[in-house]
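Each remark here refers to the structure printed beneath this line.
The values are calculated or read from the model by the stated rules, or taken from the named source; none is laboratory data. Keep in mind that what you see is a predicted model, and the values were worked out from it rather than measured. Don't worry about glycine lacking a Cβ; one is built from the backbone with ideal geometry, like all the others, and counts go over all protein chains shown. With ligands, DNA and RNA removed, areas are computed over all heavy atoms of the protein, side chains included. Shrake-Rupley method; radii C 1.70, N 1.55, O 1.52, S 1.80 Å.
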Amino acid sequence: TKDQLLNSLFKNELKHNPFSYLFKRELFLRNDIFFPEDINYGEDYATIYKFFDSVKEGKVVNERLYKYVQRTSSATHKPRVKYAQDDLQVSREILRYFENTDYCSGAQNYVIPRLITALSIAARTNASNSKILVQEVETEIKSLSRTNHQLRKYLTSNLRLKVYLNNAGLLKYIYYYK
């Protein structure tokens with residue numbers, strides 16, 4: 001069901017990578033779901049939750065049907081401030097999308113790992129605005145973790161440790177010196 005799909009997505013049991021799924025094109029068109037053209041990094045993250053929210057049911061098949069190849073030239077290997085900004089922007093959009101719904105708590109926990117990625121990217125770049133972005137992302141993570149008491153339900157112990165280090169003001173230094 002839609003509830004199961006969204007809860008599995010929020011618990012990171014299902015990934016936001018579209019190559020993992022087969023979709024009916026009509027569902028995208030009927031619900032005006034499109035991959036954003038202004039997002040360079042994380043366009044899948046900016047889209048998949050809307051798709052899951054628009055379906056009545058889905059089927060999970062745990063059979064590997066193709067081989068995924070990651071290129072060395074992939075954006076995931078080249079940290080840029082724009083990627084961290086994209087992650088922060090999309091995370092905020094997701095929070096607004098699920099605000100005042102039964103999925104709000106799950107969505108808050110869903111964006112925390114991506115915000116940690118944004119922090120990692122921003123801390124490793126030397127752009128003039130990266131320090132301000134680091135502070136902005138740190139604050140967002142602190143705010144979410146302080147208002148949401150379901151971190152244990154949704155986040156792994158590794159992610160909870162990163163949240164704790166962030167809230168203590170230490171996580172960025174791990175990324176600065178990485």
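Things worth noting here:
- Expected 222 nm ellipticity per residue - DSSP helices of 4 or more, -39500 (n - 2.57), all of the chain, to 500: -17000 deg cm²/dmol
- Helix screen, the chain: DSSP H segments with Cα axial length of 27 Å or more and mean Kyte-Doolittle hydropathy at least -1.0 are 104-124.
- Heavy-atom accessible surface of region 105-178, averaged per residue, reaches 52 Å², computed with a 1.4 Å probe.
- (1) 0.98; (2) 1.18; (3) 1.05, with the label sought being that of the calculated Cα Rg over 2.2 N^0.38 Å: (3)
- Working ranking of peptides 150-163, 35-48, 112-125 by packing, defined as the average number of other Cβ atoms within 10 Å per residue, highest first, is 112-125, 35-48, 150-163.
- Full extension of the segment from C104 to K11, taken as 0.36 nm per residue of separation minus the current Cα-Cα distance, would add 32.2 nm.
- Calculated accessible area for region 1-54 comes out at 59 Å² per residue, all protein chains present (probe 1.4 Å; ligands, DNA, RNA ignored).
- Unit charges on C-beta of K, R, D, E only; dipole of the chain, Debye: 660
- Shown for the chain: the carbon plus sulfur share of the solvent-accessible area, taken with all protein chains present and a 1.4 angstrom probe, equals 49%.
- The solvent-accessible area of T1, taken with every protein chain present and a 1.4 Å probe, is close to 80 Å².
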